[in-house]
1. Going through the range 339-383, which trypsin sites (Lys or Arg not before Pro) have at most 15 other Cβ atoms within 10 Å and a DSSP loop state?
2. Stokes-Einstein at 10 °C, 1.306 mPa s, Kirkwood radius from Cα pairs: D for the range 6-112 in µm² s⁻¹?
3. If I model a spin label as a point 7 Å beyond the Cα along the Cα-Cβ vector, how far apart are those points for SER379 and LYS209 in nm?
4. Past the 30 Å Cα-Cα mark, which pairs from LYS42/LYS119; LYS42/LYS82; LYS218/LYS338; LYS295/LYS358; LYS209/LYS301; LYS199/LYS301?
5. Rank-order 124-134, 363-373, 399-409 by packing density, defined as the average count of other C-beta atoms within 10 Å over each peptide's residues, highest first.
Amino acid sequence: MEFDTIAAISTPMGEGAIAIVRLSGPQAFEIADVLFKGVSGKKVKEVPTHTIHYGNIIDPGTGQVAEEVMVSVMKGPKTFTKEDVVEINCHGGLVSVNRVLQLLLNHGARLAEPGEFTKRAFLNGRIDLSQAEAVMDLIRAKTDRAMNVALGQMEGRLSKLIRGLRQEILEILAHVEVNIDYPEYDDVEEMTHQMLLEKSAIVKKEIEKLLRTSQQGKILREGLSTVIVGRPNVGKSSLLNSLVHENKAIVTDIPGTTRDVIEEYVNVRGVPLRLLDTAGIRETEDIVERIGVEKSRQVLKEADLLLLVLNYSDELSVEDENLFKAVEGMDVIVIVNKTDLPAKVDMDKVRTLAGNHKLVTTSLLAEQGVDELEEAIASLFFSGSIEAGDMTYVSNTRHIALLNQALNTINEAIQGVEMGTPIDIVQIDLTRTWELLGEIIGDSVHESLIDQLFSQFCLGK
Ligand code: GDP
Ligand code: ZN
């Protein structure tokens, strides 16, 4: 495949004054040599690979020094894109980096599309599709845990698992092929059926195991949409503030990634909470009263987690009881707030209403009970101490859909064998399973899907 040379600003967050322009492609060194004059006098083309050089960017039009820079020279294929890469580190911030980029574009480079560097890494066989998608997730990760999941995927943990499963299926298919070629041997058929059932069961179990991680994986990736519900004045805003102030969403500095959007997420012990904006408000007062129990159930159903706040210093009301009805069957944490005031609420009744839901008492005014609440949130979603670091999570919607389809086809294969379906029909289901798993890592994916996936990236990636 022939590629042109692309350039874009690619600046790691938090590095302050330093900004990087990345140049990748067959002309990278040539273009750099038109503009860069190193103090050593050596050309970019002549220096050893993976070395850094100090010098100036000279505007060939005017002969003037445009910027003082450090240039990293990396010869392919040992680079992210597998192509020749030049990274120009500018110290003058955004203005200077833009000027350098403009000069590169004027001298033969093309402005990279969002995700195009990663797309090249994929197309040049440097990474597979699930790894490329992990780069995207990494950029968007909201918490350390989410980041660990993305890093694991980027290192190819999921790919390795998927490749293993596909290998299993290939082995089954090989046996099936023998069976089809020598139908006259009865014992071959017997063996094939036995082996087919055993191996397919293993593949099925692994797919199911992966799918079981998808709930947590998706939460880590997208955040847990959370709504705070309760009567007026119980302390919803105070709760929101205390969650936001104590748990600012982290912004971590990963080399080579840019975060273009910083949304309002809070990070509660590794669980990213996305405080849901229901009709413009993140806290829902009197929702039941306004729209009725049934309708509010519909609205609240969108949330992964509900924080239901009650007032310790007030009696339970009909509105409170209606709220409990509206959130039945959902993930709820009941918070009885204002414990610093005299008790008026009937705690026995609260316990009865709360049923299996977690119950926490707080005084947001006295800053008490928030730790317990955070513990409750964390344990609700990590039931104990699952370490994201040593687990393979599936978090990507596309992967989840493919795994579900693969589970269906492997099930059909298994049922086929059990019901004595001709082996060449079973073979079709197995082949389809193999293909579906392949789509996760980018084998046999359609070109338009590739374009669509990579267009979701940030610029400079
Ligand atoms: P919201 O209407 O549910 O959003 O309630 P707010 O968070 O606005 O709180 C209503 C009032 O209760 C405010 O004056 C808060 O300062 C006060 N408040 C909140 N939490 C507590 C608490 O734990 N103890 C006491 N005594 N007052 C609280
Ligand atoms: Zn409020």
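A short reminder: the numbers here are calculations on the coordinates, not readings from a lab. What you see is a predicted model; the values in this text were computed from it and never measured. When we count neighbours, we look across all protein chains shown, and the Cβ atoms used for this are built from the backbone with ideal geometry, even at glycine.
1. Working: sites: LYS344, LYS349, ARG351, LYS358; in loops: LYS344.
Here the trypsin sites (Lys or Arg not before Pro) that fit, given the DSSP loop and packing criteria, are LYS344.
2. On the way: Rh = 13.4 Å.
Rounded, D is 118 µm²/s.
3. 2.8
4. Numbers: LYS42/LYS119 32 Å; LYS42/LYS82 24 Å; LYS218/LYS338 34 Å; LYS295/LYS358 24 Å; LYS209/LYS301 26 Å; LYS199/LYS301 40 Å.
Where the Cα-Cα span goes over 30 Å, the pairs concerned are LYS42/LYS119; LYS218/LYS338; LYS199/LYS301.
5. Details: 124-134: 21.8, 363-373: 16.2, 399-409: 18.9.
Top to bottom by mean Cβ count within 10 Å: 124-134, 399-409, 363-373.
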